[in-house]
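I have a structure I would like to understand better, so I am pasting it below and will then ask my questions one at a time.
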Amino acid sequence: GTSMNPELLNVVCGYPDEDNQVTVSTSALSNVDELVLPDKFALHQNYPNPFNPSTQISFDVPVSSDQVILTIYNVLGQEIKTLINKEQDYGYHSVSWDGTDRLGKSVASGVYFTQMRSGGFSQSKKMLLLK
């Protein structure tokens, strides 16, 4: 059998770096490109959930400079706070909600909804604030 030169083996199995970019295949690059650009609007489940005192809300924007509105509602459908209301660059975004209303007061424990709207897109997720 043929034995591999150990030094050569290290290069092939090594992690890509500036000196050794040949290990990055073009198919891997195109996959990364697809991951970088979301193809549709999406609102993701907040994390952590249940949460206290704050939670992260992630969302995807497939086209630049679309007006994106991210609003928190209580179970009665009353608006608690608007987290975002402006044009967003395309890509993956994340915003934090600290469990306060638009006056800066802490809201009570319970179920809240985050709603994302942009153009014809609308999606909601349920969140639970536990104190």
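Looking only at residues that are open to solvent by 20 Å² or more (accessible area, probe 1.4 Å) and either part of a strand (DSSP E or B) or at pLDDT below 95 (or both) in region 54-63, which one is farthest from Lys131 (Cα to Cα)?
Looking at the filtered set, the residue picked out is Val63.
Under the condition of being part of a strand (DSSP E or B) and among the charged types (D, E, K, R), which residue from region 83-107 is nearest to Leu128 (Cα to Cα)?
Here the residue is Lys86.
Would region 66-74 turn up any residue that is surrounded by 12 or more Cβ atoms within 10 Å (Cβ to Cβ), in a loop (DSSP other than H, G, I, E, B) and not acidic (Asp, Glu)?
No, region 66-74 contains no residue that is surrounded by 12 or more Cβ atoms within 10 Å (Cβ to Cβ), in a loop (DSSP other than H, G, I, E, B) and not acidic (Asp, Glu).
Within the group Gly110, Gly120, Gly104, which residue is under 16 Å from Asn52 (Cα atoms), free of Cβ contacts under 8 Å to residues at least 24 places away in the same chain and not acidic (Asp, Glu)?
Selected residue: Gly104, the only one of Gly110, Gly120, Gly104 that is under 16 Å from Asn52 (Cα atoms), free of Cβ contacts under 8 Å to residues at least 24 places away in the same chain and not acidic (Asp, Glu).
Cβ contacts < 8 Å: first residue more than 15 Å from Gln123 (Cα to Cα), restricted to region 45-73; second residue of a type in the set (Val, Ile, Thr) and surrounded by 14 or more Cβ atoms within 10 Å (Cβ to Cβ), any location; separation 6+ or different chain. Result?
Every condition considered, the pairs that remain are Tyr47/Thr55; Pro48/Thr55; Asn49/Thr55; Gln56/Val95.
While we're on this one: Within region 83-99, does at least one residue satisfy the condition of being farther than 20 Å from Val61 by Cα and open to solvent by 50 Å² or more (accessible area, probe 1.4 Å)?
Among the residues of region 83-99, at least one is farther than 20 Å from Val61 by Cα and open to solvent by 50 Å² or more (accessible area, probe 1.4 Å), which makes the answer yes.
The values are calculated or read from the model by the stated rules, or taken from the named source; none is laboratory data. Remember, predicted model here, so these are calculated numbers, not experimental data. Virtual Cβ from ideal backbone geometry, glycine too; neighbours counted across all protein chains shown. SASA here: full protein model, heavy atoms, side chains in, ligands and nucleic acids out. Shrake-Rupley method; radii C 1.70, N 1.55, O 1.52, S 1.80 Å.
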